[in-house]
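Report on the following structure.
The values are calculated or read from the model by the stated rules, or taken from the named source; none is laboratory data. No experiment lies behind these values; they were computed from the predicted model shown. The area values use the complete protein model at the heavy-atom level, side chains included, leaving out ligands, DNA and RNA. Shrake-Rupley method; radii C 1.70, N 1.55, O 1.52, S 1.80 Å.
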Amino acid sequence: MTCWRRKDEEFAAQRDKAVAVTYPSKVSSVTEIIEAVKRLDERAKGEFLEKLAEIDFEDAWDRQIEADAKAGRLDPLWKEALVDVKAGRVKPLDEVFGDS
């Protein structure tokens, strides 16, 4: 039994080392992700692409708007909109979209 156990442990160590080289446990950049995907076999690559297509990336737009607002990049637009509102150059949204 001891002989088999040692061989199993050696095999597990070799397997874990090979997996660590082939599939890094952490990828943190786009380049690393792309390189990791390139190393996948065709079946795994196909599965990855299917899963990627299922992801809803629409929240990226919201995060970008929030980041732009916090950074002040939208301030000029906000000020312009306020000037237009005060000058009476805007219409209610329900009028614009025909909900009246």
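Ligands, DNA and RNA left out, the accessible area of the range 26-100 computed with a 1.4 Å probe is 59% carbon and sulfur. Once the Kirkwood radius over Cα pairs is known for the range 32-83, the Stokes-Einstein relation at 4 °C and 1.567 mPa s delivers a diffusion coefficient of 91 µm²/s. The residues of the range 24-100 have, on average, 90 Å² of accessible surface per residue, using a 1.4 Å probe with all protein chains present.
Within straight-line reach of Lys70, meaning a Cα separation under 20 Å, sit the following aspartates and glutamates at least 8 residues removed in sequence or on another chain: Glu58, Asp59, Asp62, Glu80.
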